[in-house]
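Participant: To start, I am sharing the structure in question, which I have written as structure tokens.
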């Protein structure tokens, strides 16, 4: 029995988590494994329900679970709350309490989807990059922080701090993953102006001798951002700090054509993890059933691989997504044209053998039926 805690969260979280859970349960059943899935509130939804973005019982359930699947938290509705009470702080606290120090964000693009990227197809076709982001340190957690009055004006300040052991811990994750891929690790920092980055570079460099099969390079973060859109396939594995990783992974997501395509895994030293799509809660499209669930479904694949030790189930999920895309099914964010959006929007919602494309959104379903059968049939499905 595998225990998974599901936190749909806010905005489109519920819309992308539901099909991912269905995929997870079918894929697990194929391997003869039963999943005990429990759902709880977190983020803005929890604030609305009980005034607390992350209740203690929810945190306790997360600690007892083999893995956590998260949809996303936050949105404009809660932006006026004090910083310490906002939904995003609950997510940071969850990462810290679970010891999730390593965030893995793959950016892959099959050749069939190259046209969805804003870059030329030859630059991104068959792209395969892995960004390893340190997740529990850096400027998001550093102290002191705050806003105070100085010389008759308000001043905001945060602290970017890393200890040597934090840098070594995440760097070794990067080296280990690079050694299992194409043997190239690029460490991204800002060592030309930041002392903390100078320490980062020194520590990472000192570890290179332990990994003779990995080619280590260094790059400043501003150059890395430029190179990701100039020549992305030069990268294999990128390892970097919390804030830089946050930014670069969003850049990498758009190489694939959409934030809706990028999964992530946040791992502890014990292998327990939290899995979530890189995209946010997208309140502008929430409730419209337009959200692309593929990032969340691919996150389930990572959940199988890294926390449940079920590599065959992980491979089945990855193949299912690839098959659906190869068949031409698209959500609006990755549709190649307006015609594709109107006629081919489908949402992969279950896994059966490889996968079936489930056309559940009423507008798209009705249009497909109308095109193939006739308007009389559509009336029964509106």
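Participant: What do you get for Rg/Rh of the range 165-245 when both radii come from the Cα atoms and Rh is the Kirkwood radius? Each step should come with its number before you reach the end.
Facilitator: Numbers: Rg = 11.9 Å, Rh = 12.6 Å.
Rg/Rh for the range 165-245 comes to 0.94.
Participant: Something else about it: If the viscosity is 0.692 mPa s and the temperature 37 °C, what Stokes-Einstein diffusion coefficient in µm²/s follows for the range 85-196 when Rh is the Kirkwood radius over Cα pairs?
Facilitator: Answer from the Stokes-Einstein relation: 190 µm²/s.
Participant: Right, next: I need two numbers for the range 118-255: Rg to one decimal and Dmax as a whole number, Cα atoms only, in Å.
Facilitator: Radius of gyration, then largest Cα-Cα span, for the range 118-255: 16.5, 57 Å.
Participant: Percentage of Cα-Cα pair distances in the chain greater than 37 Å, rounded to whole percent?
Facilitator: On the way: 15675 of 72771 pairs.
Here the long-distance tail beyond 37 Å is 22 percent of all Cα pairs in the chain.
Participant: Still on this structure: To make sure I understand, if each residue's beta carbon is the centre and we count other beta carbons within 10 Å, what order do 218, 329 fall in, fewest to most?
Facilitator: Numbers: 218 16, 329 20.
Listed from fewest to most nearby Cβ atoms, that is 218, 329.
Participant: Output the 0 to 90 degree angle, nearest 10, between the alpha-carbon long axis of helix 294-306 and the longest principal axis computed from the alpha carbons of the chain.
Facilitator: That helix lies at roughly 60 degrees to the long axis.
Participant: Where the Cα atoms of the range 38-80 are projected onto their three principal axes, how long is each span, largest first, in whole Å?
Facilitator: 34, 19, 13
Participant: Mind running the shape call on the range 47-141? Use the C-alpha gyration tensor, a ≥ b ≥ c as the square roots of the eigenvalues: rounded below 1.5 for a/c, prolate if a/b tops b/c, oblate otherwise. Working shown, then result.
Facilitator: Numbers: a/c = 2.45, a/b = 1.90, b/c = 1.29.
Prolate, since a/c reaches 1.5 and a/b exceeds b/c.
Participant: Across the range 104-143, what fraction of all alpha-carbon pairs, as a whole percent, falls in each successive 10 Å bin from zero upward?
Facilitator: So the P(r) values, bin by bin, are 28, 32, 19, 18, 2.
Participant: Evaluate 2.2 N^0.38 Å with N set to the residue count of the range 1-93, then give the Cα radius of gyration divided by it. Please list the in-between numbers first.
Facilitator: Working: Rg = 14.1 Å, N = 93, 2.2 N^0.38 = 12.3 Å.
Compactness ratio reported: 1.14.
Participant: Specify the angular offset, from 0 to 90 degrees and rounded to the nearest 10, of the alpha carbon long axis of helix 362-372 from the longest principal axis of the alpha carbons in the chain.
Facilitator: 40 degrees
Participant: How many percent of DSSP beta bridges within the range 118-255 run antiparallel, rounded to 5? Don't skip to the end; give the middle numbers.
Facilitator: On the way: 5 of 19 bridges.
Approximately 25 percent, going by the DSSP bridge assignments.
Participant: Also: Fewest Cβ neighbours within 10 Å first, please rank 166, 231 accordingly.
Facilitator: Starting with the residue having the fewest Cβ neighbours, the order is 231, 166.
Participant: Listing 289, 79, 236 from the residue with the fewest other Cβ atoms within 10 Å to the one with the most, what is the order?
Facilitator: Fewest to most other Cβ atoms nearby, the residues stand as 79, 289, 236.
Participant: Antiparallel DSSP bridges in the chain: what percent, to the nearest 5? Show your work: numbers first, answer last.
Facilitator: Working: 24 of 51 bridges.
The antiparallel proportion sits near 45 percent.
Participant: Alpha carbons only, please: Rg and Dmax for the range 239-334, in angstrom.
Facilitator: Cα radius of gyration and Dmax of the range 239-334 are 14.1, 39 Å respectively.
Participant: Angle between the Cα long axis of helix 87-97 and the longest principal axis of the chain, 0 to 90 degrees, nearest 10?
Facilitator: Roughly 60 degrees, rounded to the nearest 10.
Each value in this text was obtained by applying a stated rule to the coordinates, not by laboratory testing. All values derive from a computational prediction rather than experimental measurement. Neighbour counts run over all protein chains shown; Cβ positions are idealised from the backbone, glycine included.
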